[in-house]
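Reading through the structure tokens given below for one structure.
The values are calculated or read from the model by the stated rules, or taken from the named source; none is laboratory data. Values in this document were obtained by computation on a predicted structure and should not be read as measured data. Please note: Cβ atoms are built from the backbone with ideal geometry, for glycine as well, and neighbour counts cover all protein chains shown.
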Amino acid sequence: MVKLSLKQIQEQIQEKSIEEAIDYLLSLQNQNTGIAKLLEKYYRLQEKRKAELERLENMLAFEKRARLEGCKYIAGVDEAGRGPLAGPVVAAAVMFPEGVVIEGVNDSKKLTEAQREALFETIKEKALAYGIQATDEKCIDEINILNATKKAMTEAIGQLKPVSDCLLLDAVKLEKLNIRQVPIIKGDSLSFSIAAASILAKVTRDRLLKEYDALYPEYGFAIHKGYATPQHISAIKKFGLCPIHRLSFVKNFVD
């Protein structure tokens, strides 16, 4: 057997799964003194992945319960942007085929922007169906943020094909829908489907605010996404309001 350098061994295992890499390293552990450290690294990765899969298994409890009770098309629903002073509220609804798990999915607020962007594409690829809908600032001012959020959610759910027979929502009840609903407090941390919806909503809204930043660069929307940061409040006081500000939200910040 040809003795491989540590660099060659590392190159060999780059494309292998964690389990395959461990098996390969065990078969070579007498060849190179550096293999022990590599094995330690991959054992840590194995434990980390095991913990991640256990976390995701726990997050699928609501979906599994709904399936046991006869539901087939279970959708998670969530929103992004209820609190900002500017821009739309965006809602998303997503449902997955049974058995689909995406490592890394979590409440969007617990993820970095790069993690959300990567998961956004994977969620869309693996979803059975998804819907995304925004309700703009003018509608928010007209019907209030709660009703605007429910409007966006209802319209996002309406985009699902096939039609959902069970909705998992983050602590919201949609009165106008004749679909079974399960409101879950802190659902974006407890349900896989709601967490996935939170990512779709958050990424979509952040992208919209970056587009608005190009139109109104003096406000810094690309940075704070319309939330009431000192930078944003200072810009409002200096430049006044722009067309995407929620008038019902900013009245305390203007003279």
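Taking the numbered list (1) surrounded by 12 or more Cβ atoms within 10 Å (Cβ to Cβ); (2) out of contact with any helix residue (DSSP H, G or I) (no Cβ under 8 Å at 6 or more places or on another chain); (3) of a type in the set (S, T, N, Q) in turn, residue 33 passes all entries but (1).
Answer with yes or no whether residue 156 is part of a helix (DSSP H, G or I) and either surrounded by 15 or more Cβ atoms within 10 Å (Cβ to Cβ) or in contact (Cβ under 8 Å) with a residue 40 or more places away in the chain (or both).
Numbers: part of a helix (DSSP H, G or I): yes; either surrounded by 15 or more Cβ atoms within 10 Å (Cβ to Cβ) or in contact (Cβ under 8 Å) with a residue 40 or more places away in the chain (or both): yes.
The answer is yes for residue 156.
For the structure I just gave you, tell me whether residue 124 is farther than 30 Å from residue 213 by Cα and among the charged types (D, E, K, R).
Numbers: farther than 30 Å from residue 213 by Cα: no; among the charged types (D, E, K, R): yes.
Considered against the rule, which asks whether it is farther than 30 Å from residue 213 by Cα and among the charged types (D, E, K, R), residue 124 comes out as no.
With respect to the conditions (1) at positive phi; (2) in a helix (DSSP H, G or I), residue 199 lacks only one, and its number is (1).
Name the single residue that is nearest to residue 87 (Cα to Cα) among those in region 211-242 being in contact (Cβ under 8 Å) with a residue 40 or more places away in the chain and assigned to a loop (DSSP other than H, G, I, E, B). Step by step, filter region 211-242, then rank; the result is 226. Residue pairs whose Cβ atoms lie under 9 Å apart, sitting 6 or more positions apart in sequence or on different chains, and linking a residue in region 71-82 that is over 15 Å from residue 186 (Cβ atoms) and touching a residue at least 60 places away in the same chain (Cβ under 8 Å) to a partner that is among the basic types (Lys, Arg) and in a strand (DSSP E or B), are 71/180. Based on this model, can you work out whether residue 49 counts as assigned to a helix (DSSP H, G or I) and touching a residue at least 12 places away in the same chain (Cβ under 8 Å)? Yes: the conditions hold for residue 49. Here residue 227 meets the list (1) surrounded by fewer than 16 Cβ atoms within 10 Å (Cβ to Cβ); (2) among the aromatic types (Phe, Trp, Tyr); (3) within 19 Å of the chain's Cα centre (by Cα) almost entirely, failing just condition (1).
Among 77, 105, 100, which is the only one that is at pLDDT 95 or above and under 26 Å from residue 245 (Cα atoms)? Before the answer, list the steps.
Numbers: 105 fails: under 26 Å from residue 245 (Cα atoms); 100 fails: under 26 Å from residue 245 (Cα atoms).
The match here is 77.
Restricting attention to region 215-234 and to residues that are in contact with a helix residue (DSSP H, G or I) (Cβ under 8 Å, 6 or more places away or on another chain) and of a type in the set (A, V, I, L, M, F, W, C), the residue that is farthest from residue 122 (Cα to Cα) turns out to be 233.
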